[in-house]
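Everything below concerns the one structure shown next.
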Amino acid sequence: MEIMKKQTIPIGLGLAALLTNSLYAADLEVSIQGVTVNDGALRVGLFAQAAEFPRGTPVQGIDLTADSETVTAKLTGLAAGRYALAVFQDKNNNQKLDTNFFGIPKEAYGFSNTDKAGSPEFDQAAFEITDEDSVIAIQLRWAIATKIRNT
């Protein structure tokens, strides 16, 4: 009987910790604007580490249909912390952001918290998630060379 009590306490504490973490998980709604309708898919990546942003492995990702000029993504169950978003419209559905010989994107792209051309540093794109749900908007943009060529 004594052994049973000692085993039950850690299990109970583990269950309490699990429930506490799930109670404080937040959702993030991402409004992606400037989408070219019916032209490929949208790839959304949420990053928690500077070393991975923006080309590494996201902590959470989602693929969406480009079915309107503004598309909404919902990322769920996020722990409080610092994150950055990277989004691109994958026109040829090859699951990567295509670039030209000079590394300039051929597809529309965008990042959280910045309108800077090119790829920002994690700290420039980062934002805080608390235990409350959040909403963020990202405007897709084209590289200048691509925009001039497509006009």
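The values are calculated or read from the model by the stated rules, or taken from the named source; none is laboratory data. All of these numbers come straight from a predicted model, not from anything done at the bench. We place every Cβ from the backbone using ideal geometry, glycine too, and count neighbours over all the protein chains shown.
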Handout entry: Qualifying residue in the stretch 110-130 (condition: under 22 Å from Leu28 (Cα atoms), without any contact (Cβ under 8 Å) to a residue 60 or more places away in the chain, part of a loop (DSSP other than H, G, I, E, B) and more than 15 Å from the chain's Cα centre (by Cα))
Key = yes
Problem - Test: Phe122 is among the aromatic types (Phe, Trp, Tyr) and loosely packed, with under 12 Cβ neighbours inside 10 Å - result: no
Completion exercise
Within the stretch 37-85, residues being surrounded by fewer than 16 Cβ atoms within 10 Å (Cβ to Cβ), in contact with a strand residue (DSSP E or B) (Cβ under 7 Å, 6 or more places away or on another chain) and hydroxyl-bearing (Ser, Thr, Tyr) number 4
Handout entry: Unmet requirement for Asp90, which otherwise passes all of (1) modelled with pLDDT under 95; (2) on the phi < 0 side of the Ramachandran plot
Key = (1)
Completion exercise
Going through the stretch 42-55 in order, the residues found to be under 18 Å from Gln139 (Cβ atoms) and modelled with pLDDT of 95 or more are Leu42, Arg43, Val44, Gly45, Leu46
Problem - Residue in the stretch 117-127 that is farther than 17 Å from Thr57 by Cα and small (Gly, Ala, Ser) present - result: yes
Exercise for the section: Would you please list the contacts, defined by Cβ atoms under 8 Å and residues six or more apart or on different chains, that run from a residue in the stretch 67-96 that is touching a residue at least 40 places away in the same chain (Cβ under 8 Å) to a residue that is of a type in the set (Phe, Trp, Tyr) and surrounded by fewer than 12 Cβ atoms within 10 Å (Cβ to Cβ)? Expected result: none
